[in-house]
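Student: Here it is, the structure in full.
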Amino acid sequence: MNIEEGVMLYNNAPVEELMFVANKLRQLHNPGNTVGWMIDRNVNITNICFSQCSFCNFCRKKGSSDAYITSTEEYISKIDELFSLGGDQLLLQGGMNPELGLNFYIGLFKNLKRLYPSLKLHALGPPEIAYLAKKEGLSYSQVLSDLTEAGLDSLPGAGAEILSDRVRRIVSPAKATTEEWLGVMREAHKLNLPTSATMMFGHVETVSERIEHLIRIRDLQAEKYDNHFGFITFIPWPFQDEGTVLLKRHGVKSSYNGPDYLRTIAISRILLNNIKNIQASILTVGREIGMMSLHAGANDLGSIMIEENVVSAAGASNRFNANEMQSIIKEAGFVPGRRNQKYELI
Ligand code: SF4
């Protein structure tokens, strides 16, 4: 499917027909009735970030009274709690703190793996890798290899927003460009590092740019070696506008609504014919639309995400514990399957 065909489908197809087709395709990729979910914990390495994306309420400038870099003691108490709740993965995210170089992250990952050898690190994202490569004068591949050797297990698809430089110049001008984001992922796929892809939509992008984003992801996935992980999953989530610069200064409200989310999930499943898993972002869309997404091509509801700071700072208020997550999946007519980051059932 090309951009024109995707836009035509997006603008004209009834949502129930898209859901029907997407559900059939979900059965081709993931036959049966299982819906994946997992337990992990989001920890932010620091909230100091030079990027100052206009949709982000989380970042602070250096010197702010509430700026921080997470200490080893804090990691220990957070990881102990994660293990006590049955999880074993940290989603480690930025800010992009200009004072932290590659050696800081290598030291951090090594230290966490030394303290907790079974801990899985799903950490950083293409913008951080591109930034570190520039800062250290190294290739993406070298930065990724060094971090993997230090303990990185998989690379989140963070910072994709919309892969169009027109959009990125408005919402995240200091962050990786479209080509940089894709370039980092290309190298990660060559190194067989499991990755995910995301899309944050419903702000300044056009339908055409939303479809183009999907096509860029699909085309990159088509480049990977057959026996390599590539993008294991695709996760679209809507812009949360509360208190953001994008809303306050530019008047950009989130265009999110339930039917549009279902349409986007279904189109993602239809268009991304080479990505096995489509995850609905229950943290941002909530219980009902999360459940309906499972009938629109999604086969996963993601993590119960102990401690999430970035989207919740912009208004996402949905929180579920492990029991609630499983009953949501059952109520939607499916069987919960707890999984790891590689989407293997555990
Ligand atoms: S979204 Fe991430 S990169 Fe952008 S300002 Fe916030 S912390 Fe920094």
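Student: Rounded to whole Hz and in sequence order, give me ³J(HN,Hα) for the stretch 333-346 from the Karplus expression 6.51 cos²θ - 1.76 cosθ + 1.60, θ = phi - 60°, writing x for Gly and Pro.
Tutor: In residue order, the calculated couplings are x, 10, 10, x, x, 5, 9, 9, 5, 8, 6, 9, 5, 10 Hz.
Student: Under a point spin-label approximation (7 Å from Cα along Cα-to-Cβ), what is the Phe83-Tyr68 distance to one decimal in nm?
Tutor: Those two pseudo-labels are separated by 2.2 nm.
Student: Pairing the Cα long axis of helix 3-12 with the longest principal axis of the chain, what angle in degrees results, from 0 to 90 and rounded to the nearest 10?
Tutor: Once rounded, one gets 60 degrees.
Student: Still on this structure: Calculated from DSSP H runs of 4 or more alone, at -39500 (n - 2.57) each and per residue, what is the 222 nm mean residue ellipticity of the chain, nearest 500?
Tutor: It lands at -13500 deg cm²/dmol.
Student: Relative contact order for the stretch 48-90: what percent, with Cα pairs under 8 Å and sequence separation of 6 or more?
Tutor: 26
Student: Hey, got the dipole for the chain? About the Cα centre, +1 on K and R Cβ, -1 on D and E Cβ, debye to the nearest 20?
Tutor: 140
Student: For the stretch 234-244, take each phi angle, set θ = phi - 60°, evaluate the Karplus expression 6.51 cos²θ - 1.76 cosθ + 1.60, and give the result in whole Hz per residue in order, putting x for glycine and proline.
Tutor: With coefficients 6.51, -1.76 and 1.60, one gets 10, 10, x, 9, x, 3, 9, 9, 3, x, 7 Hz.
Student: I'd like the distance separating the alpha-carbon centroids of the stretch 218-294 and the stretch 165-202, in whole Å.
Tutor: Distance between centres, Cα-based: 14 Å.
Student: Oh, and also: Please list the non-local residues whose amide H lies under 5 Å from the amide H of Ser303, H modeled 1.01 Å from N, same-chain partners needing a gap of 5 or more.
Tutor: Under 5 Å from the amide H of Ser303 lie the amide H atoms of Met38, each far enough along the sequence or on another chain.
Student: Less than 23 Å apart at the alpha-carbon level, and either on another chain or at least 8 residues along: which lysines does that give for Lys276?
Tutor: By straight Cα distance, Lys276 reaches Lys24, Lys120, Lys190, Lys224, Lys330, Lys342.
Student: Could you order Arg114, Arg210 so the one with the most accessible surface comes first? Probe is 1.4 Å. Kindly include the intermediate steps, with their values, before the conclusion.
Tutor: Numbers: Arg114 160, Arg210 20 Å².
Ranked list, largest accessible area first: Arg114, Arg210.
Student: So what is the accessible area of the chain per residue, in Å², with the probe set to 1.4 Å?
Tutor: Values: 14000 Å² over 346 residues.
Ligands and nucleic acids excluded, the result is 40 Å² per residue.
Student: Would you mind telling me the antiparallel percentage of the DSSP bridges in the chain, rounded to 5?
Tutor: 5
Student: Here's something else I'd like to know. Which one of Gly258, Ser141, Gly32 is farthest out on the positive end of the charge dipole of the chain, using unit charges on Cβ (Lys, Arg +1; Asp, Glu -1) and the Cα centre as origin?
Tutor: The listed residue farthest towards the positive side: Ser141.
Student: What list of ³J(HN,Hα) couplings, whole Hz, do you get for the stretch 208-213 from phi and the Karplus terms 6.51, -1.76, 1.60, once you set θ to phi - 60° and write x for glycine and proline?
Tutor: 4, 5, 5, 5, 4, 4
Student: Just want the answer: with Cβ charges of +1 for Lys and Arg and -1 for Asp and Glu, which residue in His295, Thr178, Ser65 is farthest toward the dipole's positive end in the chain?
Tutor: Towards the positive end, the residue furthest out is Ser65.
Student: If you don't mind, another one. Under unit Cβ charges (Lys, Arg +1; Asp, Glu -1), what dipole magnitude, rounded to 20 debye, does the stretch 73-184 have relative to its Cα centre?
Tutor: Around 240 debye, computed over the stretch 73-184.
Student: Another one. Only four residue types carry charge here, +1 at the Cβ of Lys and Arg and -1 at the Cβ of Asp and Glu. Report the dipole size of the stretch 131-262 about the Cα centre in Debye, rounded to the nearest 20.
Tutor: For this selection, approximately 420 debye.
Student: As I understand it, the dipole of the stretch 217-280 uses +1 on the Cβ of Lys and Arg and -1 on the Cβ of Asp and Glu, about the Cα centre. Which of Gly243, Ala280, Ser268 lies farthest toward its positive end?
Tutor: It is Gly243, whose Cα lies furthest towards the positive end.
The values are calculated or read from the model by the stated rules, or taken from the named source; none is laboratory data. Predicted, not measured: the structure shown is a model, and the values here were computed from it. Counting neighbours? That spans all protein chains shown, and the Cβs are built from the backbone with ideal geometry, glycine included. We work out accessible area using only protein heavy atoms, side chains counted, and drop any ligands, DNA or RNA first. Shrake-Rupley method; radii C 1.70, N 1.55, O 1.52, S 1.80 Å.
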